[in-house]
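Below is one structure, written out as structure tokens, with a few remarks after it.
Bear in mind that the values in this text are calculations on the coordinates, not laboratory data. Not measured: the values here are computed from a predicted model. In this analysis, Cβ positions are derived from the backbone assuming ideal geometry, glycine residues included, and neighbour counts consider all displayed protein chains.
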Amino acid sequence: MKKEISRRDFVKASGWLVVCFSTASLVEPFAMAQGPFDTHPSHVDPEKLDSWLAVASDGTVTAYTGKCDFGQGMYTVQTQLVAEELCVSVNQVKLVQCDTSVTPDQGTTSGSQSTPTNFNMENLAQAAATAREALVGKAAQRLGVSADQLTVENGIVSAKSGRHISYSELIGGKHFNITVSSAAKRISPSEWKVLGKPVRSMDRVALATGTFEFVHNVRVPGMVHARVVRPPEIGATVSRVDEKSVQHVPGLIKVVVRNNFVGVVAEKQWQAAQAAKGLKVTWKPGPGLPAQRNFYDYLRKQPSRDAMLVDSKDVDHKLKSASRVLKATYSHSFQAHGSIGSSCAVADVQEHQATVWSATQSVYPTQHGVSALTALPLDKVRVIFVRGSGCYGLNAADTVSFDAALLSQAVHKPVRVQLTRQDEFISENYGAACAIEQQAVLNRNGMIDVWDCETWSASLGGRPGYQKPGNVITGMLAGFDTDEITPQTAVEPTGELRNGSNAVPSYVTGCIDGKCGGTGSVRSERVLTHAVKSPFFTGPLRSPLRLQNTFAHECFMDEIAAYTKADPVAYRLQHLREGRIIDVVKAAAKAANWDARPSPKYGTPSSGIATGRGIACVAYEGDNGYGALVAEVEVDQQSGRVQPRRFVVALDCGRISNPDGLRNQIEGGVLQGTSRALGEEITWDDRKVTSIDWQSYTSLPLGIQVPNIDCILIDRPAAKAMGAGETAITLAAAAIGNAVFDATGARIREVPFTPDRVKAGLATRP
Amino acid sequence: MTAISLKVNGHVHAVDVDPETPLLYVLSDDLQLRGPKFGCGLAQCGACTVLLRGRAVRSCVIPVSAVKQEEVTTLEGLGTPEKPHPIQQAFIDEGATQCGFCLSGVILTAKALLDENPKASDEQMLEAMSNVLCRCFTHVRMMRAIKRYQRNRA
């Protein structure tokens, strides 16, 4: 079993890799943006093969990646990728993930972009292919045989004569000194021996035996412990800190105040916890919060930054002249990442340099943030990724890394900061609350003629990126600006359809300047989005906005189908024209043995347990994977409790790199989506957040009757590799909502579907 | 500070700490064990679970002084990577991990139940797991692993 690389191993393994710090390249303009994530030029040049791969004298391959594993399986699958392209076994590959000293800057590990970025015709995959070709070329020279007569297995290059030479003999311990070649030929999926196979996650033995090193386990010599003291109310500022109030706490090293940032450092963790609890801070109240009761109305009335994603220009006219316009408004709560391990980081900030051990998804951007916070030169800050608990997006890993850096700098010692659950619940970057209005007009044949969608999403801060440490609470408290919405009216859409947030429903043509990038057939189309200043920090939470938008689109599609008394699957298929989304809908319906008929189910009694089925589908981010989900649910019409019984998922993410990891992501995604759909909701009063622990913010526990989840994987070896970690979760709320409607005739348009909301829906059903 | 003797995973340790210190901090900071983890600090999630004389307890809210001479077993005290305990092996065989941060709660709570009641019904299992969280929602595989262990130990 491969051992996760520890810091010590890493230092040993990378000892012979030339690491040169240079600020020269940092001032160059953005040259290497890849995918939707910014990257900056760094001292690790992605053009050079040696930035990605090294072969040691013992034949071990070390691969350097800017995409890390936080439980979604990227460690295992990237190891498979390198092993496959280099024709070595997975046990010969060591992967170094996300360290600003040695890995290329690949921006942020996020957005279902790791597989598209590293498994297609560039980056890590292309580097490994380049290395194999280079090694085979060297072997051809050494063996005096042409390269096409050679085969490679387990790092041994062999000729038909039986003569052979190993990778370690060819290059062991030396640099390649070549550039990554875009022409290097990749191993064809039909010849895959390691990729495409269901390799179980390589960290599972260490995890199950409690020996895996999380960032929470990082211990540095001389390290002390800290806690933060966050403003108890949103927007509160420090008026006075009474340091004397904690003078009696044994082991106290320092009370640290910087602008509105407050923390305490002590010798031991318990002492830090006691000091944080006992520290008397007088806070100036914040401006107060808009009432949660009417929040979605409030959201729709605020100044906003608008974007028109598609506009066929005939929508207003058709809406006015239609005899009947179907309308519905959907809303979705703020939700927490709620990582099971409250976030933690360790920083060692010395006079001239800093090291941060962080579970961030973005080591390079975090390096910039730490540099700004500590005023140390960028090239003197090193951020090393060490896995935290599952993050599902921008949890508090970034902000706690900033906390650790500030506190370490203040006490001149390495500091470990452990946030409390409450710290994280009251001030993490929540998944955005949204209100979404839908309108449609049908033609004489009952087909959709017009689809009009308008969305409002709450936004404040977000990923700190390279420029904005104030986008998370620590940076803001320390005095850095937060990205706020600047109101702006929408301009005419131009160029290609941009549907990265799935604001555009799957059923419209998505035509801009005559080019139609949508997956559907509805030609009269308009999608207008409004970003509104949020009272709380927001940031990417697994399937950000894609989930909220898909909930609204797929429930509205269901409402239209029900209005026309059409079967929800057949009606969807009548409005789709992209083959891959059609295929997943058909595959899910077939595997679920879909009961084709209009919804709601005829003749269900209005009391007792009702059962129903619903479907939802998505072209994730427009073109980054296709999924369909059938949910079968029971609704207790007395209590309003919804109990999913079975899920059937069909997923197409192009060529599949690891079907076991894929299933794990789908199963987890569907159930996480179920928890979010049924109960997860940030709550607040007029001044502060009131969902502060696992009682006031509910997560489905292990002790539920776990529904069966059938996964239909549609492998497309000839297609590009796409993201897959966020597709299934995107569909859960919509499919469950549609199943609840099918079972009961009640349409619940607000996530989460708490028992009270379901009961209210049941009471007002037609 | 008080000198406290603690029996953990078969070894006796002497620590000098405030007796009110939660057991978790002593295990993870003073003894540098990686199994029990700080999840919520409120006994609501299970990530800090250890076995205390065979019972699954939340070490984040138990003062170290309350442990006295009772044997503490952490996740790494069950088995080793080379020789995992059968319940750990069941999780390995089922691939029942994602981030894995919750595993002390999941594995030790299930083990404590099945040690006490090897024929625990589904209802009893759900009851025992009703306060254990996995935020990656690896529920399908975890429950499969627990059932596998239950079958194999019968």
How large is ³J(HN,Hα), in whole Hz, for each residue of region A:521-536 in order, when computed from phi with the Karplus curve 6.51 cos²θ - 1.76 cosθ + 1.60 and θ = phi - 60°, using x for Gly and Pro?
-> 10, 7, 8, 8, 9, 8, 10, 10, 10, 10, 9, 10, 4, 8, x, 10
Sparse-neighbourhood loop sites, trypsin sites (Lys or Arg not before Pro) in region A:102-167 - DSSP loop, at most 13 other Cβ within 10 angstrom = A:K160
Please arrange A:V649, A:V527 by counting, for each residue, the other beta carbons lying within 10 Å of its beta carbon, fewest first.
-> A:V527, A:V649
Subset of A:K268/A:K468; A:K67/A:K197; A:K277/A:K413; A:K67/A:K193; B:K37/B:K83; A:K586/B:K147 violating a 25 Å alpha-carbon distance limit = A:K268/A:K468; A:K586/B:K147
Each residue of B:27-40 has, on average, a number of other protein chain C-beta atoms within 10 Å of its C-beta equal to 5
Spacing of the two label points (7 Å from each Cα toward its C-beta) at A:K160 and A:R142, in nm | 2.2 nm
Amide H contacts under 5 Å for A:D481, placed H, 5+ residues apart = A:G470
What Rg and what Dmax come out for region B:2-77 when only alpha-carbon atoms are used, in angstroms?
-> 10.8, 30
Two-decimal Rg/Rh across region B:78-153, once Rg and the Kirkwood Rh are taken from alpha-carbon atoms = 0.92
Sites B:A154 and A:A596, calculated FRET efficiency, Cβ-Cβ separation with R0 60 Å, nearest 0.05 | 0.85
Table column - 3J(HN,Hα) (Hz), region B:15-31, Karplus curve with 6.51, -1.76, 1.60, x for Gly and Pro = 10, 10, 9, 4, x, 7, 4, x, 3, 3, 5, 5, 5, 8, 8, 6, 9
Taking neighbour counts of Cβ atoms within 10 Å as a proxy for exposure, in what order, fewest first, do B:C48, A:C516, B:C40 appear?
-> A:C516, B:C40, B:C48
Contour minus end-to-end for A:M308 and A:K48, with contour as 0.36 nm per residue of separation and end-to-end as the Cα-Cα distance?
-> 89.5 nm
The set of residues whose placed amide H lies less than 5 Å from the amide H of A:I340, leaving out same-chain residues fewer than 5 positions away, is A:G390, B:R135
From the square roots a ≥ b ≥ c of the eigenvalues of the alpha-carbon gyration tensor of region A:434-763, which class results: rounded (a/c under 1.5), prolate (a/b over b/c), or oblate?
-> rounded
Do you know the relative contact order of region B:2-77, to the nearest whole percent, from alpha carbon pairs under 8 angstrom that are 6+ apart?
-> 37 percent
Ranked highest first by average number of other Cβ atoms within 10 Å, how do A:166-177, A:560-571, A:234-245 line up?
-> A:560-571, A:166-177, A:234-245
In sequence order, what are the phi-derived ³J(HN,Hα) couplings for region A:183-198 according to the Karplus relation 6.51 cos²θ - 1.76 cosθ + 1.60 with θ = phi - 60°, rounded to whole Hz, with x for glycine and proline?
-> 8, 4, 7, 8, 5, 6, x, 5, 9, 4, 10, 10, 5, x, 9, x
Once you put a point 7 Å from the Cα of A:N91 and another 7 Å from the Cα of A:Q247, both along the Cβ direction, what distance in nm separates them?
-> 6.3 nm
Going by the alpha-carbon gyration tensor, a ≥ b ≥ c the square roots of its eigenvalues, is the protein assembly as shown rounded (a/c under 1.5) or, if a/c is not under 1.5, prolate (a/b greater than b/c) versus oblate?
-> rounded
Theoretical FRET efficiency, 1/(1+(r/R0)^6), r = Cβ-Cβ of A:T282 and A:S323, R0 56 Å, to 0.05 = 0.35
Taking the Cα centre of region B:2-77 as the origin, how large is its charge dipole in debye, to the nearest 20, when only Lys and Arg (+1) and Asp and Glu (-1) carry charge on their Cβ atoms?
-> 320 debye
List A:C555, B:C45 from most exposed to least, where exposure is judged by having the fewest other Cβ atoms within 10 Å.
-> A:C555, B:C45
For chain B, divide the Cα radius of gyration by the Kirkwood radius and give the resulting Rg/Rh value with two decimals.
-> 0.97
Which FRET efficiency value, to the nearest 0.05, do you get for A:T764 and A:Q467 by plugging their Cβ-Cβ distance into 1/(1 + (r/R0)^6) with R0 = 30 Å?
-> 0.05
Sequence-distant lysines (8 or more away, or on other chains) whose Cα lies within less than 19 Å of A:K515 | A:K313
Two-site label geometry, A:R577 and A:A291: point separation in nm, points 7 Å out along Cα→Cβ = 4.7 nm
Quick one: which residues, 5 or more positions from A:S524 or on another chain, have an amide H under 5 Å from its amide H? H modelled 1.01 Å from N in the peptide plane, none for Pro or chain starts.
-> A:W451
